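The values are calculated or read from the model by the stated rules, or taken from the named source; none is laboratory data. Just so we're clear, the structure is a prediction, and the values are computed from it rather than from any experiment. Glycine gets a Cβ as well: all are built from the backbone with ideal geometry, and neighbour counts include every protein chain shown.
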């Protein structure tokens, strides 16, 4: 009987321990965002809202364009990111005009995804020009562009290829222009300075009013509605219920004016994304007052310099090490078997021609993650060619007489390769590794587009905000690291030559 009486107490202790263990293991929410101002801000707001609910919330900002961030969501590298209904319908799901909400939800469910939490505003695509240009050329609607076939139009790269972008727009309005590509972050400056005449805009961009731009009417109703929502993995509400309830509380809280004001805080008034998001989550009024942006030298020596340097050096070191492990044996094969060598050089050369962001977008679903792993794989593939080429060249330049002498001394082929061929070819081989390393230092800045860090973080944010100081704060350390790397390799080359 005493044991029976003790049983409820024992169960209570066990349940208490279990609940304590659960409480010690907080919910985790990984938030992503695209590479433009509004997405950065919304991503920060979602992450901070989840954190306030007790979750371990991580924001992985600036994950390239829609294709990259969507792949990150599909493979589980992130759980949620801000998206727009028009992009969902046209670009992601490729549904026809008039598609219903039920059709969209069903198509997403088949991919393990869902959307919800309408934030309260719409941010659509439009084309704009300066007020002076609009008056001079009588540009009021998109159809008026037909009367000016030579007009200089430059559009963001994503808009040029989207289903709801230029191809469909040009077909609907029968537009004859062939627009050039331009990064959205610098398009406004190019438009204001007269270098381009028309560009695509987001309708909540703060610079529309700042520059007094004329937005061309979509008379034919080509663009769908772009209500801001959250696109998320369907199991997120179950995995992180408390965080999801808090995130759901964002529904309807951001109207168009507030979003434009927050975009302006970042782009016009120099407020950091984190400050803007924290003010919103805390319920504070918009900042409004300009912030004093740090100068270039302060940016260069910012508190994140040590972390970015470690990440950048780590990416370069890992990538080049893998490229050496691949390139040296392949170069040796290419030197000994000429026909096979032609195929090796061809494959390595083709890898060099693949656009970096395209390769990263392909690697994310293949590897099932974002961050350092796909970045290192991509950088390793780009670094292989100079190592293969110089290894083959160095081995082929070893005098035939010395090879025969080694054989005459009784060396096996492997011994001769290790003791004669490689030492004599080492300076040329090292020069290939130097070239690969220096190139990788610069190329590693693309890693920031998939959340792998490095100096590219500053460059990506600088592009989003059209902030030249941020761009230089990322470019200068990268260039300095490349020069330092080249200097180290030149010392090694002189040491090798002295030993010969």
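Tabulated values for the structure
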{"quantity": "Number of positions in segment 146-160 that are farther than 19 Å from residue 358 by Cα and part of a helix (DSSP H, G or I)", "calculated": "2"}
{"quantity": "Identity of the residue in segment 344-359, modelled with pLDDT of 85 or more and loosely packed, with under 12 Cβ neighbours inside 10 Å, that ends up nearest to residue 444 (Cα to Cα)", "calculated": "350"}
{"quantity": "Counted residues, segment 47-68 - those being farther than 13 Å from residue 371 by Cβ, under 11 Å from the mean Cα position of the chain (by Cα) and outside any loop (DSSP other than H, G, I, E, B)", "calculated": "2"}
{"quantity": "Residues being assigned to a loop (DSSP other than H, G, I, E, B), at pLDDT 90 or above and within 25 Å of residue 265 (Cβ to Cβ) - total across segment 24-39", "calculated": "2"}
{"quantity": "Residue that is surrounded by the fewest Cβ atoms within 10 Å (Cβ to Cβ) [pool: residues in segment 183-207 that are under 24 Å from residue 122 (Cβ atoms) and touching a strand residue (DSSP E or B) at 6+ places or on another chain (Cβ under 6 Å)]", "calculated": "203"}
{"quantity": "Looking only at segment 161-182, and only at residues there that are touching a helix residue (DSSP H, G or I) at 6+ places or on another chain (Cβ under 6 Å) and part of a helix (DSSP H, G or I), the one that is surrounded by the fewest Cβ atoms within 10 Å (Cβ to Cβ)", "calculated": "173"}
{"quantity": "Segment 69-92, subset closer than 20 Å to residue 457 by Cβ and over 12 Å from the mean Cα position of the chain (by Cα), residue modelled with the lowest pLDDT", "calculated": "77"}
{"quantity": "Which listed residue is touching a residue at least 12 places away in the same chain (Cβ under 8 Å), closer than 26 Å to residue 261 by Cα and buried (at least 22 other Cβ atoms within 10 Å of the Cβ), from 145, 139, 127", "calculated": "127"}
{"quantity": "Residue match in segment 57-64 (condition: surrounded by fewer than 20 Cβ atoms within 10 Å (Cβ to Cβ), touching a residue at least 24 places away in the same chain (Cβ under 8 Å) and either at positive phi or not assigned by TED's automatic domain parsing to the domain that holds residue 280 (or both))", "calculated": "no"}
{"quantity": "Failed item in (1) at pLDDT 80 or above; (2) within 24 Å of residue 60 (Cβ to Cβ); (3) touching a helix residue (DSSP H, G or I) at 6+ places or on another chain (Cβ under 6 Å); (4) assigned to a helix (DSSP H, G or I), with residue 362 passing the rest", "calculated": "(3)"}
{"quantity": "Selection within segment 187-202 - modelled with pLDDT of 90 or more and in contact with a helix residue (DSSP H, G or I) (Cβ under 8 Å, 6 or more places away or on another chain)", "calculated": "196, 197, 198, 199, 200, 201, 202"}
{"quantity": "Some residue of segment 96-114 being touching a helix residue (DSSP H, G or I) at 6+ places or on another chain (Cβ under 9 Å), under 17 Å from residue 167 (Cβ atoms) and outside any loop (DSSP other than H, G, I, E, B)", "calculated": "no"}
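One line per residue, one yes/no per condition, for (1) modelled with pLDDT under 90; (2) loosely packed, with under 15 Cβ neighbours inside 10 Å:
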position: 286; (1), (2): yes, no
position: 290; (1), (2): yes, yes
position: 293; (1), (2): yes, no
position: 299; (1), (2): yes, no
position: 312; (1), (2): no, no
position: 319; (1), (2): no, no
position: 322; (1), (2): no, no
position: 328; (1), (2): no, no
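The rows are residues; the columns are (1) surrounded by fewer than 19 Cβ atoms within 10 Å (Cβ to Cβ); (2) on the phi < 0 side of the Ramachandran plot.
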| position | (1), (2) |
| --- | --- |
| 423 | yes, yes |
| 441 | no, yes |
| 444 | no, yes |
| 454 | no, no |
| 463 | no, yes |
| 467 | no, yes |
| 478 | no, yes |
| 494 | yes, yes |
